[in-house]
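As structure tokens, the structure follows; a few thoughts come after it.
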Amino acid sequence: MIETVRLLLRRWSPDDLDDFAAIMANDLVGKYSLSRGGIPRERSEEILANFIKHWDDRGFGPWAAIVKETRTLIGYIGLNTPFWFPAVMPAVEVGYRLHPSAWNQGYATEGAHEALRFGFADHGLDEIIAIYEPENVASGRVMEKIGMQFRMEAPDPADETATLRVYAITKEKWRAGS
């Protein structure tokens, strides 16, 4: 478990499914994703299993993000491999998806800062990217706050009519800013 000022970031457990599925079912949580809204429990179960497997296979992955003060699970923050997006591979991305009750409070930025530190300092990564839909302005702001810079736009592999933006930061740039 990793602690930030306000968050506990830990690996996922199958016991987290009920809370995770409730977060992922929220239509606002998935507004900018392929589903364009909430997802069913079965899909949340698959995602959770993939998070656990990613940790087991690679030694990093998305964390369960928990507010320290309330011990409430608010979503996920962490590193993942964006296999679904061939235009950026090979790559590791920082990502976050939080319940709307946790929006606009700096949690994504706080957790993403820790994910960069974890990736660069603990896992020796040379670069970390982030991907977002241009309409999701708040996600792009988080990327800029953690020192990432625009890299490119590319068609969304799941919807060729949509464009995704990719931001990136190198280990050297991160070190210079930390």
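Every number here is computed from the coordinates shown, using simple stated rules; none is lab data. Treat the numbers as computed from the prediction; the structure is a model and nothing was measured. Quick reminder, even Gly has a Cβ in these numbers, built from the backbone with ideal geometry, and neighbours come from all protein chains shown.
Observations on the model:
- Listed candidates (1) 51, 36, 29; (2) 39, 38, 33; (3) 47, 39, 30 - label of the one calculated as Cα extents along the principal axes in Å: (2)
- Extended-chain gain in nm, criterion 0.36 nm per residue less alpha-carbon gap, Arg36 and Asp57: 4.6 nm
- Positive dipole terminus of the chain, leading residue within Leu164, Pro62, Leu116 (C-beta point charges): Leu116
- If R0 equals 35 Å, the separation of the Cβ atoms of Arg175 and Val67 corresponds to a calculated FRET efficiency of about 0.75.
- Paramagnetic label reach from Phe83 (point 7 Å along Cα→Cβ; backbone nitrogen cut-off under 20 Å): within region 36-55, residues 42-55.
- The HN-Hα couplings worked out from phi for region 69-78 by the Karplus form 6.51 cos²θ - 1.76 cosθ + 1.60 (θ = phi - 60°) are 4, 9, 6, 9, 6, 10, x, 10, 8, x Hz, whole numbers, x standing for Gly and Pro.
- Note, ³J(HN,Hα) from phi for region 148-154, Karplus 6.51, -1.76, 1.60, rounded to Hz, x at Gly and Pro: 7, 10, 4, 10, 5, 10, 8
- Cα-based Lys proximity count in the chain, under 25 Å, for pairs eight or more positions apart or on separate chains: 4
- If you run the Gaussian network model on the chain, springs between alpha carbon atoms under 10 Å, then out of Gly30, Gly106, Gly147 the most flexible one is Gly106.
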